[in-house]
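Student: What follows is a single structure, and I will ask about it in a moment.
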Amino acid sequence: MEKIICVCGHENPAGTKLCGKCGRPLTEEAKTSKIVDMKYDGAAIRSKTRNKSIIDKIWNFFSSVRVGITLIIINLIAASIGTIFPQEFYISVSTEPEKAAYYEKTYGSLGKLYYELGLSNVYSSWWFQVLVGLLAISIIVASIDRGIPLHKSLKNQRVKRHESFMKRQRIIAEGAVTEGDSANTMNLVEEKMKKLRYKVRRDGNALLAERGRFARYGPYINHVGLIVFLTAVMLRLVPGFYVDESMWIREGEMRAVPGMEGYFIENEKFILETHDNQQTENQELQGVNVVAKNYQTDVKLYKQADNSIPGQADNLELVKEYSVRVNHPLQHDGYAFYQMDFRLNEIKAMNFELTNKETGASLGAVSIDLANPQDEYVINDQTKVELMGYYPDFSGFENGEPQTATPTPNNPAFIFKMVTPDKPEGEISFVAIQQTIEPNGDNTHKMAFNSVETRNMSGLTVHKDSTIPMLAIGGAIFMIGVVIGSYWHHRRLWVEQLEDGTIRLAAHTNKNWFGIKKDLDAVTAFAHLPTYIDQSEDDQDEKEKEGDSTL
Amino acid sequence: MSLIDISGNLLFVAFIAYLVGTLFFGGAIKSTKPDGAVNRADKWGKIALVVTIIGFLAHLGYFITRWIYKGHAPVSNMFEFTTAFGMFIIAAFILIYYMYRLTALGVVALPVAILIIGYAAMFPNDVDPLVPSLQSYWLHIHVITAAMGQSILAISAVAGLLYLLKAIDPKAKSKSRFWMEAVLYFGVLVVGFILATVIFRGIGYEANFTYIDTKDAEAEMVYNMPAIFGMNEYTLLTDDVMEPLVEMPPVINAKKLTTVFWAFVFGSIIYLVIRLITRRSILDMLHPLVQKVNLNLLDEVGYRSVLIGFPVFTLGALVFAMIWAQEAWGRFWGWDPKEVWALITWLFYAAYLHLRLSKGWEGKKSAWLAVIGFAIILFNLIVVNLVIAGLHSYASN
């Protein structure tokens, strides 16, 4: 590879802007500008040195900060589009045609277009994920491209820099000391800068005071954190890393936990509490009468004993008893149970009296457990009720046959055959809520509705997310990096005493010029240095063109 | 006097203090004559800062007494959050003031806080009970840190506005002159909104309607301003009030649209009156006030505020939010509109920080970016809360 040899004899890789050893400007641009570009301390970055193969071209594309910013903005816009109308997972219909109808009905033709373009499910669309992926590539490439040369040049800093380097810094000073003996000046500078917690190195008649160099690594650290975080998010696609199941469980019921083999959970009780406050103005505005205070499911978590047959609910060991509440999930073995939903007063059992219509005399009571209906209910030798049909969610007749919409007992209906001493051949009756049909004409007996037993049902979700530790680590690295990069600043001061005793001084910081100037004021007063000038303040237009652009 | 009354009075004291503080800050930066102006400015600036700190302490007193009264941090509805946001903006201003001793910032920071508190006061200030998902100590940690982050970021917009007030020539026609006047006009609209609400509330205006909502069910709605826009298939129930002029489809909340309409009417009237009386644009009036400020320093303050605010915002609005979401719902991220807009805010400031690395994005451009960033924060506060319903929505109707 081509090298640039500086006047001082140092060999620099092609693309270097400022000589790594003495700091002389090497490019035409650097030579003519009033303030040198101190980005990466003038080191050559890969994307600026190679542009031959296709890999170089791809690399150069992704290493560009401009491309990175463009990708950030595109991601930003894409994310915002997803908030125009609610996303599909927030609407309560499940099938595709229902969704299409929902968007069209609720939001008109714009809603229809939104749905058809797939914008109602933006965040899981392939193109959104590609956009995030491109941003991730840009973060990785740009960090490697710039981070390594920057690290090298910061590590190999020389104390003495060439005049042309010093004079092209933003803050400079040159002149005789204002007071006292110039022979002692460098010692005074060293003393003061050390007091200001700078690291001071001296080389002959030159001095370099430096502070907060690690701040330069902040952006690279936070980029590592971001990549760890995004990798963890991708890991969730790997089977076993991520479980997200939901289950409905009734009071008194025990069910196998989906996605968590060998475990059973029992719902002892579901509790809903409300605040007993006066309705506030906000509640009125929102049309809310009462505000929920607590959603809670008291559960028992069981584990199968070793060597049991999968799914077998006998031989269980109690693992934990817990009250699952919102914000207080039950946690066990990497899994967590969250309180998500509930349904109150589901019919559990219906109680009937087998009654003689004329006399009103009862022949006996029948209680039907809807979760576990029996074929027949025997009252005595001559009296029994056969359950010929059960329709948990009766929705009407089709071709004379009763239909059920769902298996949930929302509107239970039955076909009974009542066998009594009077009618040993049995009488058939169809019984639904507030409806009785007697297909064979007038019956002597009826199943009189007596009472209903209800219970509550709780909706829990079962989560396991093995990526959480990695997400947490990624997040922590990011925060550390961003704090280092934002709250600390890399400040440097170069001072050289010339042959005639006069002082030449230059200063640079990556951020917070106000802060470094305070330090400079202090050292100027202490060591009687010549007054410094800020070259960027001479000419506003010039400054806007030049900019100070450092990482 | 009960604790909640004390709390309300303290907020009022803070509001007045900020108004007085603004006047003193104005006085501090105005003087340009050499007759000891520097000293006078210094004196006025000191008084202004003392008044501001008194206001802030009263504001903090409001926050703490309300917290004690409610038993949890008062950040759980629109009134409370917005009021707290105003308080943190003042706190961030005081912080930046002590770092840079830049008196001029107060001239913009205080009015911004005043508008925000005034806006907050238009929402019901009852003490609402907490729904189960908000009953967590993360409510305090997440919301307060996020609000602090937003407030520090807002100071960059304050510096940006000040920068633009000076840098834009009000005599020369330019795009930036137009947009700057538009920003100032928006500030007047907020005043219009406050005025419209106060006036109609003062005369006790009320009109009851029934209408058909998106689920085809009949619902009721009370308007507190003369209905310009009517809800879907509305029926007016109150006598002697105005019939709506236009009926809206069910997906649009015509009541809120009516409020926006009246805010525009009142705001525009105020704006026109100002223009007619002074015969100048607002920019032209404010421009000479800020001639003393140092653009370079303002640019740096703007950048620095983003640098200080960005990590705080990340921590509060993203990291703590994710931890809480993981605990409450079992997922750290759910693409809820408020979450998405926090992410958008974060991406925007990330873009800002990266743009500062490239040439030519300092000064004016940077100032505009800071103003846009603040606009996104306000969008997240106002539009996302009130229009785009989601888990974070304070007002679902």
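Student: Using each residue's phi in segment B:239-253, evaluate 6.51 cos²θ - 1.76 cosθ + 1.60 at θ = phi - 60° and report the 3J(HN,Hα) Karplus result to the nearest Hz, with x for Gly and Pro.
Tutor: Computed from phi, the couplings for segment B:239-253 are 7, 6, 10, 5, 6, x, 7, 10, 9, 10, x, x, 6, 9, 7 Hz.
Student: Compute the separation of the alpha-carbon centres of segment B:285-307 and segment A:384-418 and state it in Å as a whole number.
Tutor: 77 Å
Student: Over segment B:66-138, what per residue volume does the convex hull of the Cα atoms give, in whole Å³?
Tutor: On the way: hull volume 7.1 nm³, N = 73.
In segment B:66-138, the Cα hull volume divided by residue count equals 97 Å³.
Student: At q = 0.07, 0.08, 0.10, 0.13 Å⁻¹, what is the base-10 log of I(q)/I(0) for chain B according to the Debye formula with one equal point scatterer per Cα and no solvent? Please give it to two decimals.
Tutor: Log-scaled intensity ratios, in q order: -0.35, -0.46, -0.73, -1.22.
Student: Pull up all non-local amide H partners of A:N450: gap of 5 or more, or a different chain, and H-to-H distance under 5 Å with H placed in the peptide plane.
Tutor: For A:N450, whose amide H was placed from the backbone, the distant partners under 5 Å are A:N351, A:F352, A:E353.
Student: For chain A, what relative contact order do you get, as a whole percent, if you take Cα pairs closer than 8 Å and at least 6 residues apart?
Tutor: Numbers: 1008 pairs, mean separation 105.6, N = 551.
Dividing the mean separation by the residue count of chain A yields 19 percent.
Student: Something else: Return the whole-Å distance between the Cα centroid of segment B:85-153 and the Cα centroid of segment A:120-187.
Tutor: The two parts, judged by their Cα centres, are 35 Å apart.
Student: Per residue of segment A:398-404, what does 6.51 cos²θ - 1.76 cosθ + 1.60 with θ = phi - 60° give for ³J(HN,Hα)? Whole Hz please, x for Gly and Pro, Karplus curve as stated.
Tutor: With coefficients 6.51, -1.76 and 1.60, one gets 10, 6, x, 9, x, 10, 10 Hz.
Student: Could you give P(r) for segment B:173-280, binned at 5 Å from zero, as whole percent values over all Cα-Cα pairs?
Tutor: It works out to 2, 12, 18, 18, 14, 12, 9, 7, 4, 2, 1, in whole percents.
Student: D for chain A, whole µm²/s, Stokes-Einstein with Kirkwood Rh over alpha-carbon pairs at 20 °C and 1.002 mPa s: what number?
Tutor: On the way: Rh = 31.8 Å.
Diffusion coefficient, whole number: 67 µm²/s.
Student: Just how far, in whole angstrom, is segment A:291-317 from segment A:1-72 if you go by their alpha carbon centroids?
Tutor: Answer, in whole Å: 64.
Student: Counting only DSSP beta bridges with both residues in chain B, what percent are antiparallel, rounded to the nearest 5? All intermediate terms of the calculation are to be shown ahead of the outcome.
Tutor: On the way: 8 of 10 bridges.
Here the antiparallel bridges make up roughly 80 percent for chain B.
Student: Here's another thing I want to ask about it. Would you mind ranking A:S138, B:S156, A:S164, B:S268 so that the residue whose beta carbon has the fewest other beta carbons within 10 Å leads the list? If you can, show how the numbers build up before the last one.
Tutor: Numbers: A:S138 22, B:S156 30, A:S164 17, B:S268 14.
In order of increasing Cβ crowding within 10 Å: B:S268, A:S164, A:S138, B:S156.
Student: Residue-wise, which Karplus ³J(HN,Hα) couplings in Hz belong to segment B:105-110, taking 6.51 cos²θ - 1.76 cosθ + 1.60, θ = phi - 60°, and x for glycine or proline?
Tutor: Going residue by residue, I get 4, x, 5, 9, 4, 5 Hz, with x marking Gly and Pro.
Student: So how do B:T345, A:T408, B:T103 line up by other beta-carbon neighbours within 10 Å, fewest first? Each step should come with its number before you reach the end.
Tutor: Values: B:T345 24, A:T408 16, B:T103 21.
Fewest to most other Cβ atoms nearby, the residues stand as A:T408, B:T103, B:T345.
Student: Right, another one. For segment A:115-209, what D do you get in µm² per second when you plug the Kirkwood radius from alpha-carbon pairs into Stokes-Einstein at 4 °C and 1.567 mPa s? Please report the intermediate quantities before stating the final value.
Tutor: Numbers: Rh = 18.6 Å.
My calculation gives 70 µm²/s for D.
Student: Convex hull over the Cα atoms of segment B:1-125, averaged projected area in nm²?
Tutor: Details: hull surface 30.6 nm².
Convex hull of Cα atoms, orientation-averaged projection: 7.6 nm².
Student: Per the Kirkwood definition applied to all pairs of different Cα atoms, how many angstroms is the hydrodynamic radius of the protein assembly as shown? Let's see the in-between values first.
Tutor: Values: mean 1/r = 0.0300 Å⁻¹.
Mean inverse Cα-Cα distance, inverted, gives 33.4 Å.
Student: Which whole number of Å³ per residue matches the convex hull of the alpha-carbon atoms in segment A:370-464?
Tutor: Values: hull volume 13.3 nm³, N = 95.
For segment A:370-464, the hull spanned by Cα atoms encloses 140 Å³ per residue.
Student: Hey, what does the equivalent ellipsoid look like for segment A:45-153, semi-axes from the Cα gyration tensor as sqrt of 5 times each eigenvalue, largest first, whole Å?
Tutor: Computed over segment A:45-153, the values are 42, 12, 10 Å.
Student: Stokes-Einstein at 37 °C, 0.692 mPa s, Kirkwood radius from Cα pairs: D for segment A:242-344 in µm² s⁻¹? Don't skip to the end; give the middle numbers.
Tutor: On the way: Rh = 15.4 Å.
Roughly 213 µm²/s, to the nearest whole number.
Student: Normalising by the residue count of segment A:242-344, find the relative contact order in percent from Cα pairs under 8 Å and 6+ residues apart.
Tutor: Values: 174 pairs, mean separation 21.1, N = 103.
The value is 20 percent.
Student: List B:V301, B:V384 from most exposed to least, where exposure is judged by having the fewest other Cβ atoms within 10 Å.
Tutor: Details: B:V301 26, B:V384 22.
In order of increasing Cβ crowding within 10 Å: B:V384, B:V301.
Student: Let me ask you something else. Magnitude of the Cβ-charge dipole of segment A:242-344, K/R +1 and D/E -1, about the Cα centre, nearest 20 debye?
Tutor: Details: 9 positive and 18 negative charges, 9 e Å.
Taking the Cα centre of segment A:242-344 as origin, the dipole is about 40 debye.
Read-outs: derived from the displayed coordinates by stated rules, not from any lab. In this text the structure is predicted, and so the values were computed from the model without any measurement. Cβ atoms come from the backbone with ideal geometry, glycine included; neighbour counts cover every protein chain shown.
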